[in-house]
Amino acid sequence: MTAAMDAPVYLGDELGATGYRLAGAEACVVESDTDLEKRLAAIREDTPLVLLGAGLAQRLPAARLQALLRGTRPLVVVVPDLAGSAAPPDLAGWLRGQLGMNP
C-alpha cells in the first residue's frame, strides 16, 4: 500500500472504493478475510485515518474490531456501505450503555 502520509485509506467494497477514490482517499477493494488482514497489517502508523466499510467491520471478530476502533495509530472509523447492506455499529448506544444511561 503506497498511501500518501496525509491521505486516508478506505477498505471496503467496490462501490464505496470508487466514491472514496473520487474524494481523494486511497481505496482498496477487499474480497476476502485473509485479504482484509493483509491490508490491515500493511497499513503503517503514518496513515492518519482508515475508513473501514461496515460490511467488512461485520466480518471481523468483535474483539479485533474493538481493538482497531480503540487504537489511535491509525485512527479507524467504520463508515456505512453505500449500498445499504450493512450499517456501522451503534456507537452512541454503546456509549450510553457505558455511562449507564440506557433504560
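Miscellaneous remarks
- With the highest mean first, a sort of the peptides 45-52, 61-68 on other beta-carbon atoms found within 10 angstrom per residue produces 45-52, 61-68.
- Accessible area of segment 9-72 belonging to carbon and sulfur atoms, whole % at 1.4 Å probe: 55 percent
- Rounded to the nearest 20, the Cβ-based charge dipole of the chain about its Cα centre (Lys and Arg +1, Asp and Glu -1) stands at 340 debye.
- Dividing the mean sequence gap of close Cα pairs (under 8 Å, 6+ apart) by how many residues the chain holds gives a relative contact order of 26 percent.
- Separation of the ARG59 and GLU45 label points, Cα + 7 Å toward Cβ, nm: 2.8 nm
The values are calculated or read from the model by the stated rules, or taken from the named source; none is laboratory data. Please read these numbers as outputs of a predicted model, since none were measured by experiment. So basically every Cβ, Gly included, is an ideal-geometry build from the backbone, and we count neighbours across all protein chains shown. In case anyone asks, the SASA skips ligands and DNA or RNA and just uses the protein heavy atoms, side chains included. Shrake-Rupley method; radii C 1.70, N 1.55, O 1.52, S 1.80 Å.
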